[in-house]
Amino acid sequence: MYNFFKNINLNKKYSGPFWLYNFNIIKKKILKLKKFDIIRFAQKSCSNINILKLIKKYNVQIDSVSYGELNRAINSGFNRKNIIFTSDIIDYDTLKKIVKLKITVNIGSIDMLHQLGKISPKHKIWIRINPGFGHGHNEKTNTGGENSKHGIWYNDKSLYGIIKKYNFKLCGIHIHIGSGVDYKHLKNVCYAMMNQILYINKSIKSISAGGGLSIPYKKKDRIINIKNYFNLWNNIRNKISNYLGKKITLEIEPGRFLTAESGILVTQVKSVKFIKNKYFVLIDAGFNDLLRPVMYGSYHKISVIKKKISYINKSTFRVPTIVGGPLCESGDIFTQNSNGKIKIRFLPKVSPGDYLIFHNTGAYGSSMSSNYNSRLLIPEILFYKNKFKIIRKKQNIKDLLKLEN
Ligand SMILES: Cc1ncc(COP(=O)(O)O)c(C=O)c1O
Ligand SMILES: N[C@@H](CCCC[NH3+])C(=O)O
């Protein structure tokens, strides 16, 4: 990533903040998972169709969780057979589209089973099981256990009767316990899968390990050993395969793992000031752009590029800094804990015009951004085959007001 800055004339070429992705990193991450039979990209993490189109070239399939994501997948050229729709609820437009295109549905609630079954009996489905436990980098990203709204409880007695009633084709069992999960908890999902298969005692053709794989946001963060993780799952898959007497396909459904490290957010310092004795650096991107620090207290490494010299300032002299954005909210602070308290970051000294780079923003960066304060969505730029290309233009005022006129 660093070498990029030698190539970009930040001042002249792109004004305002922007997202930058390096596809080579996504490609490397895809290859790391190649032992899994199917890699199903959770596009919620990074949903630009230009990136989806490239990911598709590597035989990756796709998960969609909304009408918009379904259309992104179709628009990016994914075959309907390679799309799964995962949700706990379904609205009318989505239901219509899914039935028309015969898209497989990964079902997370009993009501959804009835709603689909009434208009499309025999539909191909997966069941998303809540195994009774979950984990995540934050409580808000934990998708299992009794405090989570996701999935169908692992020993729900009504489930398999309803599947029979509508003659659904049960293709697979899916367990996703959360996002940003550590190895210890990921490991338990394998055993939960085995137990579920024993419990349902039904023929399926696939199992999905879900997503959740974490990435090292901080130097000290542990990197998941993919080889071990695959072996663990492969082992369980073989046991299930023996038990059911048939071949079982093993899927994984990562979002963050594939894209987080491929992206950065480039912002510019607009003001530096002391509030009493606290030093604030205010930049031109806010939580409407990068929400994670405000929503979860997430840490993103910040580098400084001096305006004049255009290289990363690696000087060891650091000052205690609070980094904030332009929004009207006091909480628009990129350096805070999960409880909302300001957290000082030691950064090189900056002046207006210098750049702050937020690292590892390729997942849940742009895809979680909004127009709050009527701020315009910022552009996305992709580095691919040694070229920089704008893959999403900067939004303009006309776009912003279009639906209201
Ligand atoms: C059903 C489902 N699959 C996959 C993912 C991707 O998660 P991650 O980005 O942590 O891999 C999520 C997000 O938590 C999810 O809800
Ligand atoms: N948005 C979260 C991950 C949650 C994924 C949704 N299932 C993050 O930024 O870490």
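Here are some notes:
- Wholly enclosed strands (runs of 3 or more DSSP E) of the range 174-290 bearing at least 1 residues within 16 Å of ligand 1 (Cβ to nearest atom) and among the polar types (S, T, N, Q): 206-208
- If only residues of the range 361-405 that are of a type in the set (S, T, N, Q), out of contact with any strand residue (DSSP E or B) (no Cβ under 7 Å at 6 or more places or on another chain) and closer than 23 Å to Arg256 by Cβ are counted, the one that is surrounded by the most Cβ atoms within 10 Å (Cβ to Cβ) is Ser369.
- When Lys247, Lys220, Lys239, Lys205 are checked against the criterion of being free of Cβ contacts under 8 Å to residues at least 60 places away in the same chain and within 22 Å of the chain's Cα centre (by Cα), a single residue qualifies: Lys220.
- Test: Arg237 is at pLDDT 95 or above and either more than 18 Å from Ile39 (Cβ to Cβ) or out of contact with any Pro (no Cβ under 7 Å at 6 or more places or on another chain) (or both): yes
- Looking only at residues of the range 319-364 that are within 16 Å of ligand 1 (Cβ to nearest atom) and not aliphatic (A, V, I, L, M), we find that the one that is nearest to the chain's Cα centre (by Cα) is Tyr364.
- A count restricted to the range 240-261 and to residues that are over 13 Å from Asp37 (Cβ atoms), in contact with a Gly (Cβ under 9 Å, 6 or more places away or on another chain) and hydrophobic (A, V, I, L, M, F, W, C) stands at 3.
- The lone exception for Lys140 - which of (1) within 16 Å of ligand 1 (Cβ to nearest atom); (2) over 23 Å from Leu382 (Cβ atoms); (3) touching a residue at least 60 places away in the same chain (Cβ under 8 Å); (4) touching a strand residue (DSSP E or B) at 6+ places or on another chain (Cβ under 9 Å) it fails: (4)
- Within the range 64-96, the set of residues being away from ligand 1 (no atom under 15 Å from the Cβ) and crowded, with 17+ Cβ neighbours inside 10 Å comprises Tyr67, Arg72, Ile74, Ser76, Phe78, Asn82, Thr94, Leu95.
The values are calculated or read from the model by the stated rules, or taken from the named source; none is laboratory data. All values reported here derive from a predicted model rather than from experimental measurement. Neighbour counts run over all protein chains shown; Cβ positions are idealised from the backbone, glycine included.
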